[in-house]
Structure formats: C-alpha cells, structure tokens
Amino acid sequence: IEQEVQGDWIPDFCGIIDVAWYIEETHSLIILDHKTGRNTRYSPTSLQMMSYAVMLYDKLVSEGYQIDRIGLEIYQPECEFREDRLRRTGVAAEIIDEWRTQIQQVINYAREHSDEYHADPYRCKYCPYRAHCQNNASISC
C-alpha cells in the first residue's frame, strides 16, 4: 500500500510511505514504515518519519481532513530484539510546524554543503543526510 508524497514546501522533496491510514473518529493519522534490517533499531521519530508525517499531513489537510493526532510506527519483523519489532509513538498535530522547520534546516544544510561530501555507497548508507543530498542521488545506496 505504498504511496508517494511530495513536500511542496521544498523543491524536489518526496518520499514513499509504506502504509498510512486516517481514523475519522479520532481525527488521527497513522504512518507505518516497514524495515527489513535485523540489527539496527530504527526510531519512529527519525527525520524520515517526521518528513512523511509533514508531507502527508499537508496533503490531507489541503483535502479537508482534520488531523489532531499523528501516530508513527516502525514495524521491523526481523529485528533480533523481539520487544523492538514494533515501535510507535503518538504526537499532537501541533508539532508539524516545528518538524517542518527542523526538516527544512537539515535539507538546507545538506544542500548548502553537498560539495563537501562525496558519494560513496558505504558512507551514504549510514549518513543521516542521505535522503536530502544531491551527491547521493547519483549512486544507488
């Protein structure tokens, strides 16, 4: 149930959400990301998840949906730590503007300093700016 979302407030910014749903009774947006790694523990409040939340929130609000709460979930069935296979957090929708600002700062930094970094499949794989780096776009990590 993948869905591509665009960040209209940032040129060339998009992502693919694995699963998302809206619960009308509670005005809640839930975003679930499926991870396949075994050893890395992914956070539901990572920049990736925050970016998905901002982009999908903007899209749904522009279509007339009311969103009061946002749930972010990571499902990692192969995680070696059984208790960490499903991690989740919930936040009030008011945090979206704060997240948007934080994401914008990270993207601006990555784009302004992209000439300082050189695309490398190993380094890019673990770089926190990889999703926003112009140099990374030239390789497949």
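Label sites at E112 and C14, each approximated as a point 7 angstrom past Cα along Cα to Cβ, lie 2.7 nm apart.
Within the accessible surface of the stretch 18-85, defined with a 1.4 Å probe on protein heavy atoms only, the carbon and sulfur portion equals 48 percent. Across S46, S62, S28, the residue with the most accessible area heads the list, and the full order at a 1.4 Å probe is S62, S46, S28. Estimated at 0.36 nm per residue, the fully extended path between Q66 and E78 surpasses their Cα-Cα distance by 0.8 nm.
The values are calculated or read from the model by the stated rules, or taken from the named source; none is laboratory data. Everything numeric in this text was worked out from a predicted model, so none of it was measured. Note that we place each Cβ from the backbone using ideal geometry, even for glycine, and neighbour counts take in every protein chain shown. Areas reflect the complete protein model, heavy atoms only, side chains present, ligands, DNA and RNA absent. Shrake-Rupley method; radii C 1.70, N 1.55, O 1.52, S 1.80 Å.
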